[in-house]
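The values are calculated or read from the model by the stated rules, or taken from the named source; none is laboratory data. Keep in mind it's a predicted model, so treat the numbers as computed, not measured. Positions of Cβ are generated from backbone atoms using ideal geometry, with glycine treated the same way; all protein chains shown enter the neighbour counts. Remember, those area values only see protein heavy atoms, side chains included, never the ligands or the DNA or RNA. Shrake-Rupley method; radii C 1.70, N 1.55, O 1.52, S 1.80 Å.
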Amino acid sequence: MIRTGIGYDSHRFGAERPLILGGVKIPGGQGLTGHSDADAIAHALTDALLGAAALGDIGAMFPDTDPQWKDADSMRLLGLAVERLRGAGWLPQQCDITVILEQPKLAPHVVAIRNSLSGVLGVPVDAVSCKAKTNELMGFIGRGEGLAVLAVASIAPAT
Ligand code: MG
């Protein structure tokens, strides 16, 4: 029995912090604003995994009203979500991620992002897909105001 979940996240550029996606610092990118470290890949993937297990969402698990999650390392939050899945009898199987942004180019960092996510999910790197595309200069992404991430993840029973 395989289950699939979907996640979406978006964040605005403009924070005085490095651009972090999938736990990887992306040189040349503007930082994203947000309560945690604003790692939109980690957030979308967390929602996809929680969604696959019907365990709610990232906002319910890590409320932004809770000071303990301020400037949190979102890869740690992702790891806690994976632990919660394991506790409910589920294991991540694979994921596929699309990042939509105009700049900077993510292609040089995709392997590092896949490796980083594979470690937290406990799956082989060839079960982690990450790709990037522009929004053809349309809308908020096209104007460079922020970026968006789509994630799909599959889970299977632990035994
Ligand atoms: Mg977010």
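For residues in region 8-35 being polar (S, T, N, Q) and surrounded by 15 or more Cβ atoms within 10 Å (Cβ to Cβ), which is farthest from the ligand (Cβ to nearest atom)?
By that ranking, first place goes to Gln30.
Among the residues of region 36-94, write down those that are within 14 Å of the ligand (Cβ to nearest atom), open to solvent by less than 30 Å² (accessible area, probe 1.4 Å), touching a Phe, Trp or Tyr at 6+ places or on another chain (Cβ under 8 Å) and farther than 14 Å from Val120 by Cα.
Once the filter is applied, which keeps residues that are within 14 Å of the ligand (Cβ to nearest atom), open to solvent by less than 30 Å² (accessible area, probe 1.4 Å), touching a Phe, Trp or Tyr at 6+ places or on another chain (Cβ under 8 Å) and farther than 14 Å from Val120 by Cα, region 36-94 yields Ser36, Ala44, Phe62, Trp69, Ala72.
Does region 8-31 include one or more residues that are of a type in the set (S, T, N, Q) and touching a Lys or Arg at 6+ places or on another chain (Cβ under 7 Å)?
no
Name the pairs whose Cβ atoms lie under 6 Å apart, with the first residue in region 38-53 and outside any helix (DSSP H, G or I), the second of a type in the set (Phe, Trp, Tyr), and 6 or more positions between them or separate chains?
Pairs found: Ala53/Trp90.
When you look at Gly5, is it at negative phi, in contact with a Leu (Cβ under 8 Å, 6 or more places away or on another chain) and buried (at least 19 other Cβ atoms within 10 Å of the Cβ), yes or no?
Working: at negative phi: yes; in contact with a Leu (Cβ under 8 Å, 6 or more places away or on another chain): yes; buried (at least 19 other Cβ atoms within 10 Å of the Cβ): yes.
Taking the combined requirement at face value, the residue satisfies it.
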